[in-house]
Every structure is written in C-alpha cells, then in structure tokens.
Amino acid sequence: MSEKTRYVVIGGGIAGVTAAETLSVITENATITLFSASPLIKTVSNLIQLTQTLETFDVEEQSFTGLKELNNPVQVIHTTVTSLCAKDKQLFTADGKVIEYDKLCICTGGKPKLISQDNPFVIGIRDTESVQTFQQRVKSANRIIIVGNGGIATELVHELEGCEVIWAIKDKSIAHTFVDPGAGEFFMEYVNKVKDNTQEGVSKRLKYTTEETNRKSPVQSNVMGSALGPDWATRLQIHGPQEVSHRVHIEHQVEVQKMISPEQFQQLSMTQTVLDGSVVESSTWPVYVQLTNGKVYGCDLVVSATGVEPFTDLFLPGNDFDVAADGGLKVNSKMETSEPHVYAAGDVCTACWEYSPLWLQMRLWTQARQMGCYAAKCMVAAAKGEEISMDFCFELFAHATTFFKFKAINFFLLLVILLGRFNGQGLQNDYEVLLRVTKGKEYVKAILQNGRLVGAILIGETDLEETFENLILNGMDLTPFKENLLEPGIDVDDFFD
Ligand code: FAD
C-alpha cells in the first residue's frame, strides 16, 4: 500500500456521496476520489432523526462543490468508469485514465427494467433526464398507460393531470410494493381526487426540482444519472393537453402481454377496449397495449415503472463477483463483495449477510445513505486492520415516505411509516394483525408474532412511531395489552410506565 490509503468511490448518488463524505470525516492519511458519470451529485440535507432508526431528509442535486468534507478533501471527477480489473486494483475511465486504488466502493445504482427496450413509446423514469423527456412528451399525450405498482407509479398516477391515465397493476391493490391491500384501499379515495395544490406552500420540506437547464448528459449513454427520490414528482409540471385534473382507470392483476403498433393493430383487425367515460376515444393511437386480461388499450405513451435492476454491467467482465438472483453485487456484513478490497453500497448491491429478522433490504434513499456510510466505515476499519460491528440501523427496517400528498399541514411530512416486517414479509402467515382505520385520516396496522410486535404500517399523524419502534426493538410480550393497543384515545405509552 502507498503511504496514503487510496479510497475510490464510483457513483454520485446518495450511496456514493455519503460514502465519500464519511471517508472524508473519518480518515486521516488518505486520498479520496469520487467518480460520477452525472454532472451533479446528490447530497443529503435537513436530516431529521425522528426516532432511533427512522429518519427523513431532503435530497438536493448539487455541483461537486456541494460535497461536505472534513478531514480529507474529496476529489470528484466527472467521468464514467468503463471497467475494473479487481485483481490489479485498477479502474479504467472513459477519458482513458487508469486509476489505482487500495479500497474501492461501487455505488452505481440501478437501471430501469423496461417492459420493452426499444419501443419509442415506452419510457422509464429514473433520473432527471428521463423526467424531463417525460414532461415534454406528456404535453401532447391524451392517454398514458402506467405499468407498475411501486413508489414511482403511485406518485406519477397522482401527479399526472390533463390526460387520461390507465394504471396497470399486477396486484389486487395499489401501492403494493409498500403497503398491504388494506392500506391500498385506504389510498384509493386519493387516486381520482382533485389535488389541493394550495397546500403546497405549507410543506417545509424542500422539493426536488428538475428546472435547471444547464445539465449535461452522463458521459456514456448507457450509464444513468442518479436516481430520483423523495418528493421528486410533487413540484413537477406534468400536465397533458386536456382540461381535466384526474382521470385514472385501474386495471388490477394484469401485466402487459404485448405492445402493438398501429399497423399490426390494423393487420390483425384488433378491437380496442372502450374506456368508460373516456373523452378522448380515438380510432387510431400511436401504440396499443394488450394486457393479460385480454383488454387492448390505445395510448400515446407507456410509462414502464416496473422497478430497477442493479447496474453492474461494466464491472462483471473479467472479475469474479458473486451476483445475487436480483442481479446485485452480493455484499457481506462488512459491505465487501466477493472481490478483495471491493465494497458496494446502495441500489447496486444485495445484502447477503444473515440480517436481523426485523430488517429487509429495499432499494430506497434511506438504505442507500445508511449503506454508503457504513461501507465507508468498513473500508477504513479494514485498512487499519480493525474490527467493526454492524451498524444499528440494520437492526430494524424503518422507512418514512408520503403518498398522494397525504400530508400533515405542518412541519415534516411523516405520513407513511413502515417498520420491521410491515407487510408480514417472511412470517409465513404465522402472525396476527391489529388494525385501526379512520377513513381519510389514519391507518394503523400492527403485526404481532407470538404476542410480540414485529412490524407496523402507520399512515397519517398517528404519533405512534416511537412507541412502536421501542416495542419492536425490545421484543416485549404484548399479549396482556393486545386488546387495548390500538384503542383510540388511549396513550399506549401509559401501559408501559
Ligand atoms: P443512484 O442514485 O442511482 O446513483 C448512482 C450513481 O452512479 C449515479 O450518479 C450514476 O451517474 C453513477 N454511475 C453509474 N455508473 C457509473 C459509472 N460507470 N461511472 C461513474 N459513475 C457511474 N427512494 C425512497 O426512499 N423514497 C422515494 O420516494 C423514492 N422515489 C423514487 C423515485 C424514482 C423515480 C426513482 C427512480 C427512485 C426512487 N427511490 C426512492 C429510490 C432511490 O432513489 C434509490 O434507492 C437511491 O437513489 C439509490 O441511490 P444510489 O446512490 O445507490 O444510486
């Protein structure tokens, strides 16, 4: 090793930037280099620690100088890393440079899984550039089909105005990636609700905006910019040509069977499904979508919001990485990949350690930040030959988000809180559910296994997050209190004083 330890991080998203910033804080005798294919990097601001494990923060796109440094400066280089030779500890960049490292952290995020790769009417939403393309195309779109049931689809369905939206979901209920059918039902009334844009100003959270025009595309066209994140859709003008607010039709339990061109549609003498109440029925559309329930809808554009897959393409050739079934680089409890001295964090990696029964990996901002920070600590510990114990944040899955602008009118927007095994994941139906629902106001679901709280979904201003977190973490037997646990007007904390 050279006198100074050479740390290199690839990726200007939250995972990479957090790793670089943490390295800057905790290293002493080191050089730190961050490679980013995108001209702007993502930084975290206004971090609020709500409970031990729950946090909210804003995400800002900044120039490289926005990076927070302490002990060691971080050199940020805007270029694409084109390949890696892990055996020789060398990286190769698009501008012909060869970089040597002692410890490397790959944080290259994910790329959208599109339902059709080369159909010009299918677009995926991932980064700023793809949102700008979408905004342009929506302006003349009378009907859009959105495919997918995760956070991106759910946000888009709510934000899109001025056009008809057909939302094709493969599940029985909406927002299924995050919440159970009960909560999906709770959200349903917001789907076609006219948005109250007057509340916009009340939010104290910074909103992600894509108004900046001075952006260059990433160096290589197959390398994406950083993924968008919380609130990315709320300030966007995504408006079609019609004078309507919301017109959403949901097709449940379907997938896209086939994309059909107008020519094929004619040749096959197909009939399109008439959409109830449609004001834009047209005999010809630029593209048709056949769903697995046999329905065929014409539309102007299809948004494929069917998730992302880890972006590992450039690193696999010539190296010996263990890759997980979901395509991510497998990492152990020290964020190490199977290649010596190579770490990974964020969307690109798959957590393969034996993790706490209350934690699970979801490709989210929070986890990108936590993993980036922890990976940096692991790299430094390894360089110093020290042991490191697993960060506490991996004890309990905790995520706060918002849907359908279902927001509090004051301070932070803590509206959908997911804790532990919030959907009973991995519990094999061996659990009990306690539920409290006040239509339009709150949805509280507690998941108990053997009398112990193991997960929760809290929607609305329930004020239960801290208590529930404590109950989950201390594993207390709640059998004696079960009947009253969710009773309205009862302060749960009183039981445990
Ligand atoms: P990314 O943010 O994808 O960053 C990867 C970085 O690596 C980029 O800067 C890219 O340019 C760079 N890169 C890639 N390859 C190379 C290379 N070869 N050389 C150099 N640089 C390279 N999460 C939430 O928690 N809440 C939400 O509400 C939410 N909404 C979302 C909405 C959308 C539309 C999307 C797409 C994602 C959303 N997510 C949300 C998920 C969240 O954005 C991601 O989990 C998170 O951004 C992952 O961060 P990352 O740093 O791992 O990857």
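Every number in this text was worked out from the coordinates using simple rules, so none of it is lab data. Computed from a predicted model, the values in this text were never measured in an experiment. Cβ coordinates were reconstructed from backbone atoms using ideal geometry, including for glycine residues, and neighbour counts include every protein chain displayed.
Brief remarks on what is shown
- For the stretch 1-142, the square roots of the Cα gyration tensor eigenvalues, ordered a ≥ b ≥ c, give a/c of at least 1.5 with a/b no greater than b/c, which places it in the oblate category.
- For Leu358, residues with placed amide H under 5 Å, excluding near neighbours: none
- Peptide ranges 172-184, 42-54 listed from the most packed, as the mean C-beta count within 10 angstrom indicates: 172-184, 42-54
- Karplus-derived 3J(HN,Hα), 6.51/-1.76/1.60, for each residue of the stretch 415-420, Hz, glycine and proline x: 9, 10, 10, 10, 10, x
- Loop-located chymotrypsin sites (Phe, Trp or Tyr not before Pro) in the stretch 327-379 (DSSP state not H, G, I, E or B) with no more than 15 neighbouring Cβ atoms inside 10 Å: Trp353, Tyr355.
- For the listed residue pairs Lys42/Lys441; Lys139/Lys439; Lys113/Lys139, the alpha carbons are over 26 angstrom apart in Lys42/Lys441; Lys139/Lys439.
- Histogram of C-alpha separations across the stretch 300-443, 5 Å bin width, %: 2, 8, 14, 16, 17, 14, 12, 9, 5, 3, 1, 0
- Over the stretch 337-403, the alpha carbon radius of gyration divided by the compact-protein estimate 2.2 N^0.38 Å works out to 1.17.
- Here the stretch 370-404 and the stretch 338-364 have alpha carbon centers that stand 10 Å from each other.
- One Cα centroid belongs to the stretch 14-55, the other to the stretch 418-497; the line between them spans 33 Å.
- Summarised as an ellipsoid, the stretch 1-53 has semi-axes of 24, 17, 7 Å, derived from the eigenvalues of the Cα gyration tensor scaled by 5 and square-rooted, with the largest first.
- With the gyration tensor restricted to C-alpha atoms of the stretch 248-342, the semi-axes of the equivalent ellipsoid amount to 44, 15, 11 Å, longest first.
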